1. For the pair Glu43/Phe70, report the inter-label distance in nm, with labels modelled 7 Å from Cα in the Cβ direction.
2. Relative contact order for region 15-68 using alpha-carbon pairs under 8 Å, separation at least 6, rounded to a whole percent?
3. Which order do Leu65, Leu39, Leu110 fall in if you start with the one that has the fewest other Cβ atoms within 10 Å?
4. Please give the contour-minus-distance gain from Lys112 to Asp7: 0.36 nm per residue of separation, less the Cα-Cα distance, rounded to one decimal in nm.
5. Hey, rough spin-label estimate for Thr92 and Lys122, points 7 angstrom out along Cα→Cβ, what's it come to in nanometres?
6. Using the Cα centre as the reference, give the magnitude of the dipole from point charges on the C-beta atoms of region 3-135 (Lys, Arg: +1; Asp, Glu: -1; all else neutral), rounded to the nearest 20 debye.
7. How large is the helix-only mean residue ellipticity at 222 nm for the chain, computed as the sum of -39500 (n - 2.57) over DSSP H runs with n ≥ 4, divided by its residue count, in deg cm²/dmol to the nearest 500?
8. Would you grab the residues whose amide H sits under 5 Å from the one on Val111? Only those 5+ places off in sequence or on another chain, please, with H modelled 1.01 Å from N.
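Every number here is computed from the coordinates shown, using simple stated rules; none is lab data. Only a predicted model underlies this, so the values are computations on that prediction, with no experimental measurement involved. For neighbour counting, all protein chains shown are included, and Cβ atoms are generated from backbone atoms with ideal geometry for every residue, glycine included.
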Amino acid sequence: MKYKVIDVAGDVGIRAEGASLEECFINSAFGLYSLITDLAQIEPAEEIEIIINEDNLENMLVSFLNELIFQFDTYGFLGKAISIEIKDNYLTARIKGEKFNPEKHERKLLVKAATYHNLVLKQEDSFWIAEIIFDI
C-alpha cells in the first residue's frame, strides 16, 4: 500500500507509507492528488520545482502538501511524477504533471488545506508512515 483514504467526519484524510522519508512524502502527495482527480488521467507534460524550508519534518510535510494545493488552486497544476530530496531543513521537489482540464480530468473533492489535526509522521520498523487530515 502506498496510500489509502481515511474517512474522517466532515473532512478527509490519507495514510501514506514509504520505505524512505522521501517516498512517504511522495505517496502523501499522490494521496492528495487522488482526492482531487483520477491520477491515471494526468500526463507529465510540464515540470515545476518546489522548495520548502521548515524547522521540523511535520511542518515540512504540511507545508509541502499545502504548496501542492496552492499550485492546483492558482495554476491548476496536478502532479504525475514526483522526485524529492530532503536535506537538513530543506525539501526540494521536482514534479512533472499538467494543468487541470475539466474535459479530461474528473473533478473529485475541493481540498482546501492540509491540517495539523491528528497529524502523524513516524518511522515504524523500516517504513515511514504519515497520516494527514485535509479540510474540504
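1. Distance between the two pseudo-spin positions: 2.9 nm.
2. Values: 27 pairs, mean separation 14.7, N = 54.
Relative contact order comes out at 27 percent.
3. By the 10 Å Cβ count, ascending, the order reads Leu110, Leu39, Leu65.
4. The Lys112-Asp7 span can extend by a further 36.2 nm.
5. Result for the modelled spin labels: 3.2 nm.
6. My answer is approximately 320 debye.
7. Calculated from helices alone, the mean residue ellipticity at 222 nm is -8500 deg cm²/dmol.
8. none
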